[in-house]
Amino acid sequence: MDRLSSTTLIPDAISGARDDVSQQISMIWEQIKAPLIVPLLKLAVLLCLIMSLMLFTERVYMAVVITLVKLFGRKPEKRYKWEPLKDDIEFGNSAYPMVYQLSIGAACGLSWPSDRITIQILDDSTDPTIKDMVELECQRWASKGINIKYEIRDNRNGYKAGALKEGMKRDYVKHCDYVAIFDADFQPEPDFLWRTIPFLAHNPELALVQARWKFVNANECLMTRMQEMSLDYHFTVEQEVGSSTYAFFGFNGTAGVWRIAAINEAGGWKDRTTVEDMDLAVRASLKGWKFLYLGSLKVKNELPSTFKAYRYQQHRWSCGPANLFRKMVMEIVTNKRVTTWKKVHVIYSFFMVRKIVAHIVTFVFYCVVLPATVLVPEVEVPKWAAVYIPSVITILNAIGTPRSLHLLVFWILFENVMSLHRTKATFIGLLEAGRVNEWVVTEKLGDALKTKAGAKAPKRPRFKIGERIHLLELGTGLYLFFCGCYDMAFGKNHYFIYLFVQAIAFFIMGFGFIGTFVPNS
């Protein structure tokens, strides 16, 4: 009897100990919540509201301007002098400016007098097989009479900027007037030069003519559809507004034609950040050069369709601008050649709102602060900030891709998850921390996967923890899920609906179930 009673007391002891621990945690929480947590969370909410209003104002302003441009704005051919380049009987083909290209297939098919164009292939790959293939391709085009130059580097110093800088040093480049730049996966139409060069030839104040990107694999998977929605806003609104109102926008690094004199005056290509294209554009703008965006001219290219490749790309695209802003902000402020209004546009709108605030507020507000207010009901977020402003911003962003409006909810969830990496990259750029100059070439599948699939059914991809498990996404997902459960049990704002759905999105991407799966063999 004594033995039986002693055993029945053990669960009661464990339960009592748990209650004591729970009470202690509760007491500690109550002691620090009022003097520390509540004030800090209120400050965080205030900062997020300010950033939300900044982003909201910017988006509404851009919407108004692009509407006015579409309704009343003059086409590029009306704003700048444009007329077809014609043959000159006396000078022959010398009347045509010299141009050189950075691509192979499509570039070699560009329509232009053959003695007035040089195709330059810049290759700093480390794979000997790739080098051999590129060289053979260049030889094939050379045998057809194409003036093609294969330039190879024995190192990757400076990455793309380093390659471009080396390419510009060649003697034959000194005889060229313009350089049209294409990444390897870009496919310009044959008339690309006929539509761009006349703007530069007839308007000496123009430094750059930028074309729009057209995505050939947008329908490959849901992730590429989400990318299309984000980039379409950039090209349909941001680039168009910048070109129409300030004659300034960020060079997209490809599918554009530069005046070589402008590149040289701006100081050439620099490898101090991972956005050498934006760096050159800002410096050229500060020298007084103007840019023109041609939204009607589209160049086919490919979106990254694996999550790994997309994450690396977004790290570079978010870290680079933030780091460039850190390096150039005082240079912009003290510049004497551009107007104050243009300085405000570059510093506030171009850098602060679009490249910094947009990333930070998306993650910090909607994935950290807003869920935290569920645990601290003393801090409230106004409904206009929690619901109305993000709804308007989302609609204005997504309107650039009407065919994908039915995917709006998926796009919101996807962008919120990606804002985690963009925010991290932004702070790395601003603080110039560890991975600030990390450059990983964005892998594009092209037809490689289709060729494999046609030859043989791809094997089930191997499960690699390092590649398929993403701890940051999973940790954030757990946090949102916990806040959702707490809100469902004790809350009154019904945030748990959003929190559960967003948590699921983080879990899906945390386990790598997004994008195209590439077979390992």
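Key figures for this structure:
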| item | result |
| --- | --- |
| Failed item in (1) in contact with a Leu (Cβ under 7 Å, 6 or more places away or on another chain); (2) buried (at least 20 other Cβ atoms within 10 Å of the Cβ), with Thr423 passing the rest | (1) |
| Complete set of residues in the stretch 133-186 that are within 18 Å of Arg116 (Cα to Cα), open to solvent by 80 Å² or more (accessible area, probe 1.4 Å) and in a loop (DSSP other than H, G, I, E, B) | Ser143, Lys144 |
| Residue in the stretch 229-246 that is farthest from Ile412 (Cα to Cα), counting only those that are polar (S, T, N, Q) and in contact with a Phe, Trp or Tyr (Cβ under 6 Å, 6 or more places away or on another chain) | Ser243 |
| Any hit, the stretch 211-228, residues being β-branched (Val, Ile, Thr) and either closer than 27 Å to Ser305 by Cβ or open to solvent by 40 Å² or more (accessible area, probe 1.4 Å) (or both) | yes |
| Lone unmet requirement of (1) assigned to a helix (DSSP H, G or I); (2) surrounded by 21 or more Cβ atoms within 10 Å (Cβ to Cβ); (3) more than 18 Å from the chain's Cα centre (by Cα) for Leu292 | (1) |
| Verdict on Leu53 being open to solvent by less than 80 Å² (accessible area, probe 1.4 Å), under 30 Å from Leu396 (Cβ atoms) and at pLDDT 95 or above | yes |
| Flag if Ile130 is in contact with a Leu (Cβ under 8 Å, 6 or more places away or on another chain), under 27 Å from Asn437 (Cα atoms) and either part of a strand (DSSP E or B) or open to solvent by 30 Å² or more (accessible area, probe 1.4 Å) (or both) | no |
| Ser296 being touching a His at 6+ places or on another chain (Cβ under 9 Å) and polar (S, T, N, Q) | no |
| Of all residues making up the stretch 456-478, the number that are open to solvent by less than 70 Å² (accessible area, probe 1.4 Å), part of a helix (DSSP H, G or I) and either at pLDDT 95 or above or touching a helix residue (DSSP H, G or I) at 6+ places or on another chain (Cβ under 8 Å) (or both) | 5 |
| Matching residues in the stretch 366-380 - criterion: being in a loop (DSSP other than H, G, I, E, B) and open to solvent by less than 20 Å² (accessible area, probe 1.4 Å) | Val376, Val379 |
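The values are calculated or read from the model by the stated rules, or taken from the named source; none is laboratory data. All values reported here derive from a predicted model rather than from experimental measurement. Reconstructed Cβ throughout: ideal geometry from the backbone, glycine too, with neighbour counts over all protein chains shown. Side chains included, ligands, DNA and RNA excluded: accessible areas come from the protein's heavy atoms. Shrake-Rupley method; radii C 1.70, N 1.55, O 1.52, S 1.80 Å.
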